[in-house]
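Worksheet: one structure, shown below.
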Amino acid sequence: MIRHVIMVRFKPEATDENVGFLHAFWEESRTRYKGMLGLTFGRDAGLRDGNWTTVAVFDFKDEESWQVFDSDAYHNEVRAQLPGHLVEQAVRCQIRL
């Protein structure tokens, strides 16, 4: 199994609508990508200053399933739109479980 974690930092002037754009894609991913076993995502709870805005944890059955997700043309279109939605930075990591 592959666990894919992404944390996204939005610029301070980002609105709920800006963050919602990304959350809508993540929600849609549940049914769009075969081989996805689970997904948890949400906004930071604000318990500590300096945290990132939002995080998602995806579980895929194998590397091939993750690669389909990662290289998908629609996924790349969403990535290309993120700067317009005031995304400052995103960091990702994949681990084998």
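The values are calculated or read from the model by the stated rules, or taken from the named source; none is laboratory data. Note that this is a predicted model, so its numbers are computed, not measured. Heads up: the accessible areas ignore ligands, DNA and RNA and are worked out on the full protein's heavy atoms, side chains in. Shrake-Rupley method; radii C 1.70, N 1.55, O 1.52, S 1.80 Å.
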MRE, 222 nm, helices only [DSSP H, n ≥ 4, -39500 (n - 2.57), over the chain, to nearest 500] = -11000 deg cm²/dmol
Give the accessible surface of the chain per residue, rounded to a whole number of Å², with probe radius 1.4 Å and ligands, DNA and RNA excluded.
-> 62
Working with all protein chains in place, sort K34, K61 by solvent-accessible area computed with a 1.4 Å probe, largest first.
-> K34, K61
Return an integer: the convex hull volume of the alpha-carbon atoms of region 1-66, in Å³ per residue.
-> 86
Area accessible to solvent at H4, 1.4 Å probe radius, in Å² | 10
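Quick check: at a probe of 1.4 Å, how many percent of the accessible area of region 4-97 sits on carbon and sulfur atoms?
50
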Ranked order, T53, T31 - accessible area, probe 1.4 Å, largest first = T31, T53
Solvent-accessible area of R92 with every protein chain in place, 1.4 Å probe, in Å² to the nearest 10 | 120
Report, in whole Å, the centroid distance computed from the Cα atoms of region 40-66 and region 71-97.
-> 12
So for R32, R79, R96, what's the accessible-area order with a 1.4 Å probe, most first?
-> R96, R32, R79
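If you take the square roots of the eigenvalues of the alpha-carbon gyration tensor of region 37-90 and sort them as a ≥ b ≥ c, do you get rounded (a/c under 1.5), prolate (a/b over b/c) or oblate?
In terms of gyration-tensor shape, oblate.
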Tell me, what ³J(HN,Hα) does each residue in region 63-72 have, in order and in whole Hz, if you take phi through Karplus 6.51 cos²θ - 1.76 cosθ + 1.60 with θ = phi - 60° and put x for Gly and Pro?
-> 5, 4, 4, 5, 5, 4, 4, 5, 9, 4
